[in-house]
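Chemist: Dropping a structure here in structure tokens format, bear with me for questions.
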Amino acid sequence: MPKILIAEDERDIRDLIAFTLRFNGYEVVAARDGEQALTLVAAEQPDLVLLDVRMPRMTGYEVCRRIKTDKSMHHIPVVFLSAKGQESEVQAGMEAGAADYILKPFSPSELIERVTALIGS
């Protein structure tokens, strides 16, 4: 079963994403801030990381850059989840090393479709 790490500081959103992923057959690990996300990525070695852009303690962009510069984690695809849809924000996410950038609000089916495209089910 593929493992996905979710880093989202808003509990309701984090819980909804986790429910959607679990319902579709994924194992889920959740983090509430950027620092915890980075620690869990190193420890859990998930198949995919979903990062909110704006989080306490470390932004999603910084977490992504650190993942992509660490030899033990750089292979893990990162997808940003953000309400920040300006072209400059999306570009910053892709430059940090993201494989995809999903704008909030998104439907559960869109999330599963994008995740499946990256890692399968």
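Chemist: Placing unit charges on C-beta atoms (Lys and Arg positive, Asp and Glu negative, everything else neutral), compute the dipole magnitude of the range 1-95 about its Cα centre in debye, rounded to 20.
Modeler: 180 debye
Chemist: Taking the Cβ of ALA99 as the centre, find all other residues whose Cβ is under 15 Å away and add up their charges (Lys, Arg: +1; Asp, Glu: -1). All intermediate terms of the calculation are to be shown ahead of the outcome.
Modeler: Numbers: positive: ARG65, LYS68, ARG114; negative: ASP47, GLU95, ASP100, GLU113.
Computed value for this residue: -1.
Chemist: With a cut-off of 20 Å, note down the residues of the range 5-39 whose backbone N falls inside the zone around a label point 7 Å from the Cα of LYS68 toward its beta carbon.
Modeler: 5-8, 34-39
Chemist: Another question, then. Rank by packing, highest mean first: peptides 48-55, 20-27, with packing defined as the count of other Cβ atoms within 10 Å averaged across residues.
Modeler: Ranking the peptides 48-55, 20-27 by packing returns 48-55, 20-27.
Chemist: Moving on to the next point. How far, in nm, would the chain grow between ASP12 and ALA42 when pulled straight, counting 0.36 nm per residue and subtracting the alpha carbon separation?
Modeler: Here the segment from ASP12 to ALA42 would lengthen by 8.3 nm.
Chemist: What is the distance in Å between the Cα centroid of the range 92-106 and that of the range 1-57?
Modeler: 15 Å
Chemist: Quick one: P(r) of the chain from all Cα-Cα pairs, 5 Å bins, percents rounded to integers, in order of increasing distance.
Modeler: Once binned at 5 Å, the Cα pair distances of the chain give 2, 13, 25, 28, 22, 9, 1.
Chemist: What lysines sit close enough to LYS71 to cross-link, taking a C-alpha to C-alpha distance under 28 Å and skipping anything fewer than 8 places away on the same chain?
Modeler: Result set, ordered by chain and number: LYS3.
Chemist: In addition: Determine, from the Cβ-Cβ distance of GLN91 and ARG54 and an R0 of 25 Å, the FRET efficiency 1/(1 + (r/R0)^6), rounded to the nearest 0.05.
Modeler: So, using R0 = 25 Å, E works out to roughly 0.95.
Read the figures in this text as sums done on the coordinates, not as results from a lab. Here the structure is a predicted model, which is why all the values come from computation and not from measurement. As a convention, Cβ positions derive from the backbone with ideal geometry for all residues, glycine included, and neighbour counts pool all protein chains shown.
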